[in-house]
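K.L.:
Pasting a structure here, questions to come.
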Amino acid sequence: MSKAFQGFEYAIKDADELLGHFDAVNRKPPLDGAEVLKRAGLVMALTAWETYVEDLLLEIMQRKLGAVTGSYVGDFVMKKLHQDLKQFHNPSSDKTKRIFVEYVGLDVTLGWTWANYDPEKARSALNSWIAKRGDAVHRSRPVGNGVPAPHLVKREDLEKAIRFIKDLVKATDAYVEKHA
């Protein structure tokens, strides 16, 4: 298990706690504003994924560059990686694949296999959650007259997203441990 995985296990608890808080305040009729907890939970779950990917890359590269750490080459590669990670937002399957191939020479998306998921289905699901995260961050509940719009993130969606991200991290970590 990577150190990045250990950090992820701590970070994903924020999303779990937000789901728990939503459950605690969700009642009939629902409290105004409770919906924001679900959106925040989705953002936190995918932020935990983003941080995991960044930390895992740094961990692998520090190990790979061990002999040249402190040299011009080692410093150059790490500086370039840090610059790329500063621009590594919304880690879709394509972005994740690209950065791992570029730095590690490994397509981690090939390891995204677990119960009911193969790499193609996992890539599609991740991209869908990343898109929903973008909506949750940039789009609040639409203002309208009459019937309120449905919530962007349903309770079941958040629960599925958290479970998916946890499984994705486990699969990624296991694959990297075998191949990197």
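K.L.:
Could you pull out the residue among Tyr103, Tyr117, Tyr72 that is farther than 15 Å from Val53 by Cβ, touching a helix residue (DSSP H, G or I) at 6+ places or on another chain (Cβ under 8 Å) and among the aromatic types (Phe, Trp, Tyr)? Working first, answer last.
P.N.:
On the way: Tyr103 fails: farther than 15 Å from Val53 by Cβ; Tyr72 fails: touching a helix residue (DSSP H, G or I) at 6+ places or on another chain (Cβ under 8 Å).
On inspection, the qualifying residue turns out to be Tyr117.
K.L.:
Sticking with this structure for a sec: Which is part of a helix (DSSP H, G or I), more than 20 Å from the chain's Cα centre (by Cα) and surrounded by 15 or more Cβ atoms within 10 Å (Cβ to Cβ), of Phe8, Phe22? I'd like the intermediate steps shown before the answer.
P.N.:
Values: Phe8 fails: more than 20 Å from the chain's Cα centre (by Cα).
Matching residue, one of Phe8, Phe22: Phe22.
K.L.:
Which residues, counting only those in segment 46-79, are loosely packed, with under 13 Cβ neighbours inside 10 Å and part of a helix (DSSP H, G or I)?
P.N.:
The answer is Arg63, Gly66, Ala67, Tyr72, Val73, Phe76, Lys79.
K.L.:
Give segment 82-98 a look and list any residue that's surrounded by fewer than 20 Cβ atoms within 10 Å (Cβ to Cβ) and assigned to a helix (DSSP H, G or I), or say none.
P.N.:
Passing the criteria: His82, Gln83, Asp84, Leu85, Lys86, Asp94, Lys95, Lys97, Arg98.
K.L.:
Read through the list (1) surrounded by 12 or more Cβ atoms within 10 Å (Cβ to Cβ); (2) in a loop (DSSP other than H, G, I, E, B), then give the number of the only condition that Leu31 fails.
P.N.:
Status for Leu31: all satisfied but (1).
K.L.:
Another question, then. It is to be established whether one or more residues within segment 113-125 are at pLDDT below 95, outside any loop (DSSP other than H, G, I, E, B) and surrounded by fewer than 16 Cβ atoms within 10 Å (Cβ to Cβ).
P.N.:
For segment 113-125, residues at pLDDT below 95, outside any loop (DSSP other than H, G, I, E, B) and surrounded by fewer than 16 Cβ atoms within 10 Å (Cβ to Cβ): absent.
K.L.:
Only one of Lys79, Lys97 is farther than 30 Å from Pro119 by Cα and without any contact (Cβ under 8 Å) to a residue 60 or more places away in the chain; which? Please lay out each step first, then the result.
P.N.:
Details: Lys97 fails: farther than 30 Å from Pro119 by Cα.
Checking each option against the conditions leaves just Lys79.
K.L.:
How do the pairs read when you match residues in segment 110-131 that are among the polar types (S, T, N, Q) with residues anywhere that are outside any helix (DSSP H, G or I) and loosely packed, with under 13 Cβ neighbours inside 10 Å, using Cβ under 9 Å and keeping only pairs 6 or more apart or on different chains?
P.N.:
Listed pairs, sorted by first residue: none to list.
K.L.:
Restricting to segment 42-60, name every residue that is of a type in the set (A, V, I, L, M, F, W, C) and touching a Lys or Arg at 6+ places or on another chain (Cβ under 8 Å). Reasoning before the result, please.
P.N.:
Of all residues in segment 42-60, those of a type in the set (A, V, I, L, M, F, W, C) come to 42-46, 48-49, 53, 56-58, 60.
If the condition is that a residue be of a type in the set (A, V, I, L, M, F, W, C) and touching a Lys or Arg at 6+ places or on another chain (Cβ under 8 Å), then Leu42, Val43, Leu46 are the ones that fit.
K.L.:
I'm trying to understand the selection: among the residues of segment 126-153, which are surrounded by 11 or more Cβ atoms within 10 Å (Cβ to Cβ) and either at pLDDT 90 or above or assigned to a helix (DSSP H, G or I) (or both)?
P.N.:
Leu126, Asn127, Ser128, Trp129, Ile130, Ala131, Lys132, Arg133, Gly134, Asp135, Ala136, Val137
K.L.:
Follow-up question, since we're still on this one. List the number of the failed condition for Leu106; all other conditions in (1) touching a residue at least 24 places away in the same chain (Cβ under 8 Å); (2) in a helix (DSSP H, G or I); (3) more than 12 Å from the chain's Cα centre (by Cα); (4) surrounded by fewer than 19 Cβ atoms within 10 Å (Cβ to Cβ) hold.
P.N.:
With respect to (1) touching a residue at least 24 places away in the same chain (Cβ under 8 Å); (2) in a helix (DSSP H, G or I); (3) more than 12 Å from the chain's Cα centre (by Cα); (4) surrounded by fewer than 19 Cβ atoms within 10 Å (Cβ to Cβ), Leu106 is out only on (2).
K.L.:
Being more than 28 Å from Asp135 (Cβ to Cβ) and in contact (Cβ under 8 Å) with a residue 40 or more places away in the chain, is that true of even one residue in segment 63-74? Can you show your working first?
P.N.:
Taking segment 63-74 as the starting set, the residues that turn out to be more than 28 Å from Asp135 (Cβ to Cβ) are 63-74.
Within this subset, residues satisfying the condition of being in contact (Cβ under 8 Å) with a residue 40 or more places away in the chain are 64.
Yes, there is a match, as at least one residue in segment 63-74 is more than 28 Å from Asp135 (Cβ to Cβ) and in contact (Cβ under 8 Å) with a residue 40 or more places away in the chain.
The values are calculated or read from the model by the stated rules, or taken from the named source; none is laboratory data. Quantities reported herein were computed from a predicted structural model and do not represent experimental measurements. Quick reminder, even Gly has a Cβ in these numbers, built from the backbone with ideal geometry, and neighbours come from all protein chains shown.
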